[in-house]
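K.L.:
Just dropping this structure here.
Taken together, the values in this text are just the output of simple stated rules run on the coordinates, not laboratory data. Here the structure is a predicted model, which is why all the values come from computation and not from measurement. Note: ideal-geometry Cβ built from the backbone for every residue, glycine included; neighbour counts use all protein chains shown.
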Amino acid sequence: MNREQKLELIYNIFSPSAPIENIDLFVGRHMHVEKIKSVIEERGEHAVLYGGRGVGKTSLANIVTQLFKNITSSKITCNRTDDFKSIWEKAVTKIKLIKKENEIGFNKKEIKYYTRLRLPNKDKIDASDIENVFYNIFDNILIIFDEFDSINDKETKNKMADTIKTLSDNISNITILIVGIGNNVNQLIGKHPSLERCLKQIEMTEMTKEESASFVMNSMNILKIDIKQNILDKIIEYSSGFPHYTHLLCKFVSKNVVDDNTNTVTENHFNFAVKKSIENSDHSIRTAYKKAISSAKKKNQFEDVVLACAMASTDENNLFSTDEVLDKFNKLTTKGLKKESINYNLGMLCKKERAEILEKHGRSGKTKYKLKNPLMKAFVKLKLHNKK
Ligand SMILES: Nc1ncnc2c1ncn2[C@@H]1O[C@H](COP(=O)(O)OP(=O)(O)OP(=O)(O)O)[C@@H](O)[C@H]1O
Ligand SMILES: [Mg+2]
């Protein structure tokens, strides 16, 4: 492989800003694939795939459409201007069904042709119109509505809930998969007790260390680049389970190695990759971080408190307590701050003037905090490395 070929491969393998399309580059998520498979197989069952920003929801949805060969898939991306009719219009247009018919006459050859589905020609449609579209269709069809969180319109959410219930009761060969950012299913589609039995909730969390490691090792193997365990560990630790950062770091690490005409990652390659990953992080993350830690006064603790927040152990909802921040703060610095000062700093970081990088949860006494943008965790760790 020459340099140009290697660089081209690097751009193909690492896509920090685009979901995975190629099944060979998709790692892990076996449990999620299994859960979706069982929903498809169970008649009348549908699912919601929800989770935080950037954990890999769209990539999983893309892979699912390729994995199950005996099913016709249609995946659409919702946006803010969509309503119930427009999302179904997009979904239905993408469904291409192959029909077979025997010719009339002696030769009786089988002929295949494609049919497309159509929505009724009226301004507003509802659940029963969708039921009618699929009434005489016997193919197994999976319809994925990605970025469903961008739909704010309550009517669309309610109609979607009605549709899921109607299809579940009457048309068992259709599976709907709703995908989007949310802490729970209610945030995405609203509260609908009637859906409880037919709508499986599949939560997408950050990648495990094993999954991230297998992505790095896979990619480096393809590129024939050697990477030492300590650098691999750092990539995984800094990525914090966010594949966006794993891709970003790996892309710059391997580019530096190729630019240097070698096959082994050194500390220098890694340090430079950290710098480039910070520069290439989302604008919103960089500006929020800057605003959160900036101060005219020399004596301010915001930078270290934000760092302690990124390092603090969290519960299953990504929440951490003041005590956890205090513990990390005292390990990171020798400043020996009191709990009241940490509390003050945490409170300030929830305010607009500090870019609201934290969110407060629970009442006094049981207050917990979380990073508003979970990707901030990875960014802050990169900043710390860069400062050392
Ligand atoms: N299983 C995986 N293996 C390797 N890379 C992955 C995997 N899942 C996601 N990625 C990478 O992680 C990044 C984020 O993935 P993706 O866009 O699918 O996340 P998302 O949850 O849909 O994000 P958003 O909340 O912004 O819609 C992309 O760079 C993608 O290539
Ligand atoms: Mg997505």
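K.L.:
Taking the 0 to 90 degree range and rounding to the nearest ten, how far is the long axis of helix 3-13 tilted relative to the main principal axis of the chain, both from C-alpha atoms?
P.N.:
Orientation of helix 3-13: about 70 degrees from the principal axis.
K.L.:
For region 29-204, taking Cα atoms only, what is the radius of gyration to one decimal and the Dmax to the nearest whole Å?
P.N.:
16.8, 62
K.L.:
To continue, here is another question. Quick one: what are the phi-derived ³J(HN,Hα) couplings along region 325-334, Karplus 6.51/-1.76/1.60 with θ = phi - 60°, whole Hz, x for glycine and proline?
P.N.:
3J(HN,Hα) across region 325-334, in whole Hz: 5, 4, 4, 5, 4, 6, 7, 7, 10, 10.
K.L.:
Also, I was wondering about something else. How tilted is helix 376-387 with respect to the longest principal axis of the chain? Cα atoms for both, answer in degrees (0 to 90, nearest 10).
P.N.:
That helix lies at roughly 40 degrees to the long axis.
K.L.:
Still on this structure, please answer the following. In percent, what relative contact order does region 283-387 have, based on Cα pairs under 8 Å that are 6 or more apart in sequence? Intermediate values should be presented prior to the final figure.
P.N.:
On the way: 128 pairs, mean separation 32.4, N = 105.
Worked out over region 283-387, it gives 31 percent.
K.L.:
Then there's this: Taking K and R as +1 and D and E as -1, what net charge do the other residues with C-beta under 11 Å from the C-beta of GLU131 add up to? Walk me through the intermediate numbers first.
P.N.:
Details: positive: LYS165; negative: ASP126, ASP129, ASP162, ASP169.
Surrounding charge for GLU131 is -3.
K.L.:
Here's a follow-up. What span do the alpha-carbon atoms of region 177-329 cover on each of the three principal axes, reported in whole Å from largest to smallest?
P.N.:
61, 48, 28 Å, listed from the longest principal axis down.
K.L.:
Hey, what do the phi angles of region 16-33 turn into as Karplus ³J(HN,Hα) couplings, whole Hz, using 6.51/-1.76/1.60 and θ = phi - 60°, x for Gly and Pro?
P.N.:
3J(HN,Hα) across region 16-33, in whole Hz: x, 10, 10, x, 6, 10, 8, 4, 5, 9, 8, 10, x, 6, 4, 4, 5, 4.
K.L.:
Can you check what the net charge comes to around ILE63, using other residues whose Cβ is under 10 Å from the Cβ of ILE63 (Lys, Arg +1; Asp, Glu -1)?
P.N.:
On the way: positive: ARG29; negative: GLU21.
Taking every other residue near ILE63 into account, the sum is 0.
K.L.:
Could you go through region 89-98 in sequence order and give the Karplus-derived ³J(HN,Hα) for each residue, using 6.51 cos²θ - 1.76 cosθ + 1.60 with θ = phi - 60°, rounded to whole Hz, and x for Gly and Pro?
P.N.:
4, 4, 5, 5, 4, 7, 8, 10, 9, 8
K.L.:
Let me ask you something else. Using Cα atoms only, what is the angle between the long axis of helix 283-293 and the major principal axis of the chain, expressed in degrees (0 to 90) to the nearest 10?
P.N.:
Here the helix axis deviates by roughly 30 degrees.
K.L.:
Can you give the Kirkwood hydrodynamic radius for region 283-387, in Å, rounded to one decimal and based on Cα pairs? Provide the component values of the computation, followed by the final result.
P.N.:
Details: mean 1/r = 0.0733 Å⁻¹.
13.6 Å is the Kirkwood radius here.
K.L.:
Still on this structure, I have one more. Each label point is 7 Å from the Cα along the Cα-to-Cβ direction; what then is the distance between the points at LEU332 and MET348, in nm?
P.N.:
1.5
K.L.:
Further question on the same structure: If you average the C-alpha positions of region 17-63 and of region 350-365 separately, how far apart do those two centres end up, in angstrom?
P.N.:
32
K.L.:
Once each part is reduced to its C-alpha centroid, what is the distance from region 270-316 to region 131-157 in angstrom?
P.N.:
40
K.L.:
Okay, next question. Quick check of the Kirkwood formula: for the chain, what is the inverse mean of 1/r over all pairs of different Cα atoms, in Å?
P.N.:
On the way: mean 1/r = 0.0423 Å⁻¹.
Value: 23.6 Å, from the Cα pair sum.
K.L.:
Please list the non-local residues whose amide H lies under 5 Å from the amide H of LYS75, H modeled 1.01 Å from N, same-chain partners needing a gap of 5 or more.
P.N.:
Result for LYS75 returns ILE144.
K.L.:
Of the residues LYS335, LYS200, LYS360, which exhibits the maximal mean-square fluctuation in a Gaussian network model of the chain defined by a 10 Å Cα contact cut-off?
P.N.:
Maximum among the listed residues: LYS335.
K.L.:
Here is a further query. Report, by chain and number, residues whose modeled amide H sits under 5 Å from the one on CYS350, excluding near sequence neighbours (fewer than 5 apart, same chain).
P.N.:
Long-range HN contacts for CYS350: LEU358.
K.L.:
Among VAL258, VAL55, VAL185, which one shows the highest mean-square fluctuation when the chain is modelled as a Gaussian network with alpha-carbon springs under 10 Å?
P.N.:
Looking only at VAL258, VAL55, VAL185, the largest GNM fluctuation is found for VAL258.
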